[in-house]
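A short worksheet on the structure shown next.
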């Protein structure tokens with residue numbers, strides 16, 4: 001049986017360590033398994049390739065590795081293979097743009113093995129690491145690039161016994177992102193960073209936090225909801241989405257306030273451009289047009305520039321944009337450090353570290369969950385208050401599938417389809 005996974009783009013990366021977009025992560029999730037898993041409903045950590053785990057102290061983590069797993073070529077999964085997989089991730093630190101997998105290993109000194117145990121030793125505590133072990137970006141790969149999942153890579157796509165699965169650019173398929181009439185559907189409200197406008201804080205007037213804050217206050221977010229309803233999206237209330245660990249509701253800071261905005265703008269008439277690619281979401285153009293119309297009522301022009309992926313990457317890496325429009329999925333609030341820290345992806349293109357970077361580092365090294373929560377709340381307040389992220393909506397992922405050929409398809413905690 002040959003199954004097709006239709007997708008609106010062919011931007012496919014098959015290396016889990018480098019996978020960034022949804023199609024690449026979904027492909028990799030079928031092939032590669034992680035040490036841990038996360039229950040998408042409760043957020044509870046679950047065993048996967050590791051049967052158990054414990055912290056000896058804040059800098060030392062032990063995991064027991066399953067003895068019954070093999071890679072797709074029959075090679076046994078061993079603690080040594082696990083350690084090698086992480087060594088290969090660390091070798092990617094000079095790749096641009098910076099892979100999330102590298103950021104997840106912040107503070108890691110070395111990986112040791114002893115019998116069935118893998119031990120991660122850190123120079124400083126990494127509060128996000130245990131949850132990061134469930135990410136597809138930290139999935140275990142063999143030296144030959146193979147995985148332990150039920151689906152194995154072949155020249156024609158993926159294979160599971162007599163079944164073949166082909167990912168292809170198409171408007172239909174046996175599986176498809178989004179709702180399809182007559183299909184069954186799996187759905188999830190994405191954890192992570194909300195869908196929003198990311199200003200280039202090194203560019204012109206956007207370097208002024210008062211201007212960025214004013215632009216956020218000129219967005220009447222509840223008026224966006226009718227545009228979001230057909231896709232199951234909701235209006236954003238913070239830089240993080242509600243399912244994310246340590247989310248803080250920033251509705252009060254995001255209330256429409258044109259009087260304060262005009263005082264901050266001080267009579268300036270402004271023009272900006274937002275660079276984006278509309279392939280992955282059904283709401284992009286409609287939402288951005290609505291924001292553009294709202295700003296136009298106050299003398300601010302927002303031009304939409306929908307570009308292909310090569311152009312998007314070129315402009316992102318060169319900084320040739322006023323705003324980017326994107327979201328990022330992840331269950332741990334350390335996704336904020338990955339996207340906003342000057343030493344990481346630095347999507348705001350800030351020119352030097354400041355108090356925000358101090359807080360982003362502090363939340364990662366904080367071993368007290370309650371104290372870390374307060375730090376993450378402070379980070380969200382600061383990002384929203386300084387206009388470094390203009391939250392617009394929360395993403396709701398839907399994957400449809402033909403019920404006559406598949407059953408039990410569900411979305412995991414990263415909103416990636418799992419195909420039994």
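Pull up the stretch 304-340, narrow it to residues that are touching a residue at least 12 places away in the same chain (Cβ under 8 Å) and exposed (fewer than 13 other Cβ atoms within 10 Å of the Cβ), then point me to the one that is farthest from residue 42 (Cα to Cα).
Looking at the filtered set, the residue picked out is 319.
Take residue 361 and tell me if it is touching a residue at least 60 places away in the same chain (Cβ under 8 Å), more than 22 Å from residue 22 (Cβ to Cβ) and buried (at least 16 other Cβ atoms within 10 Å of the Cβ). Don't jump to the end; show me each part of the working.
Details: touching a residue at least 60 places away in the same chain (Cβ under 8 Å): no; more than 22 Å from residue 22 (Cβ to Cβ): yes; buried (at least 16 other Cβ atoms within 10 Å of the Cβ): yes.
In short, no.
Can you tell me which of 131, 124 is at pLDDT 95 or above, outside the structural domain of residue 11 (by TED's automatic domain parsing) and in a helix (DSSP H, G or I)? Steps first, answer last, please.
Working: 124 fails: in a helix (DSSP H, G or I).
Going through 131, 124 in turn, just one is at pLDDT 95 or above, outside the structural domain of residue 11 (by TED's automatic domain parsing) and in a helix (DSSP H, G or I): 131.
Exactly one condition in (1) free of Cβ contacts under 8 Å to residues at least 60 places away in the same chain; (2) buried (at least 21 other Cβ atoms within 10 Å of the Cβ) is false for residue 66; which is it?
Answer for residue 66: the failing condition is (2).
Does residue 217 satisfy the criteria of being crowded, with 22+ Cβ neighbours inside 10 Å, closer than 30 Å to residue 128 by Cβ, in the same structural domain as residue 324 (by TED's automatic domain parsing) and modelled with pLDDT of 95 or more? If you could, list the steps in order and put the result at the bottom.
Values: crowded, with 22+ Cβ neighbours inside 10 Å: yes; closer than 30 Å to residue 128 by Cβ: no; in the same structural domain as residue 324 (by TED's automatic domain parsing): yes; modelled with pLDDT of 95 or more: yes.
It is false that residue 217 is crowded, with 22+ Cβ neighbours inside 10 Å, closer than 30 Å to residue 128 by Cβ, in the same structural domain as residue 324 (by TED's automatic domain parsing) and modelled with pLDDT of 95 or more.
Tell me which residues, restricted to the stretch 12-37, are touching a strand residue (DSSP E or B) at 6+ places or on another chain (Cβ under 8 Å) and closer than 16 Å to residue 149 by Cα. It would help to see each step written out before you state the result.
Our first condition is that a residue be touching a strand residue (DSSP E or B) at 6+ places or on another chain (Cβ under 8 Å); within the stretch 12-37, this holds for 12, 14, 22-23, 26-27, 29-31, 35-37.
Across the stretch 12-37, the qualifying residues are 14, 26, 27, 29, 30, 31, 35, 36, 37.
Taking into account only those residues within the stretch 268-294 that are part of a helix (DSSP H, G or I) and out of contact with any helix residue (DSSP H, G or I) (no Cβ under 7 Å at 6 or more places or on another chain), which is surrounded by the fewest Cβ atoms within 10 Å (Cβ to Cβ)?
For the stretch 268-294, the residue satisfying everything is 293.
Against the condition modelled with pLDDT of 95 or more and in contact with a strand residue (DSSP E or B) (Cβ under 9 Å, 6 or more places away or on another chain), how does residue 337 come out, does it pass?
Numbers: modelled with pLDDT of 95 or more: yes; in contact with a strand residue (DSSP E or B) (Cβ under 9 Å, 6 or more places away or on another chain): no.
No, not satisfied.
Quick check: is even one residue across the stretch 386-401 out of contact with any strand residue (DSSP E or B) (no Cβ under 7 Å at 6 or more places or on another chain) and surrounded by fewer than 16 Cβ atoms within 10 Å (Cβ to Cβ)?
no
Taking the conditions exactly as written (surrounded by fewer than 22 Cβ atoms within 10 Å (Cβ to Cβ), more than 18 Å from residue 154 (Cα to Cα) and within 16 Å of the chain's Cα centre (by Cα)), does residue 20 satisfy them or not?
Details: surrounded by fewer than 22 Cβ atoms within 10 Å (Cβ to Cβ): yes; more than 18 Å from residue 154 (Cα to Cα): yes; within 16 Å of the chain's Cα centre (by Cα): yes.
When the stated conditions are applied, residue 20 passes them.
Report yes if some residue within the stretch 159-181 is part of a loop (DSSP other than H, G, I, E, B) and touching a helix residue (DSSP H, G or I) at 6+ places or on another chain (Cβ under 7 Å); otherwise report no.
Just the residues of the stretch 159-181 that are part of a loop (DSSP other than H, G, I, E, B), to begin with: 161-162, 170-174, 179-181.
Those left that are additionally touching a helix residue (DSSP H, G or I) at 6+ places or on another chain (Cβ under 7 Å): none.
For the stretch 159-181, residues part of a loop (DSSP other than H, G, I, E, B) and touching a helix residue (DSSP H, G or I) at 6+ places or on another chain (Cβ under 7 Å): absent.
For residue 174, only one of the following conditions fails: (1) over 24 Å from the mean Cα position of the chain (by Cα); (2) surrounded by 19 or more Cβ atoms within 10 Å (Cβ to Cβ); (3) closer than 22 Å to residue 283 by Cα. What is its number?
(3)
Name the residues in the stretch 134-144 that are assigned to a loop (DSSP other than H, G, I, E, B) and surrounded by 16 or more Cβ atoms within 10 Å (Cβ to Cβ), would you?
Filtering the stretch 134-144 for residues assigned to a loop (DSSP other than H, G, I, E, B) gives 134-135, 139-144.
Selection gives 134, 135, 139, 140, 141, 142.
The values are calculated or read from the model by the stated rules, or taken from the named source; none is laboratory data. Quick caveat: nothing in here was measured; it's all calculated off a predicted structure. Backbone-built Cβ (ideal geometry, glycine too); neighbour counts: all protein chains shown.
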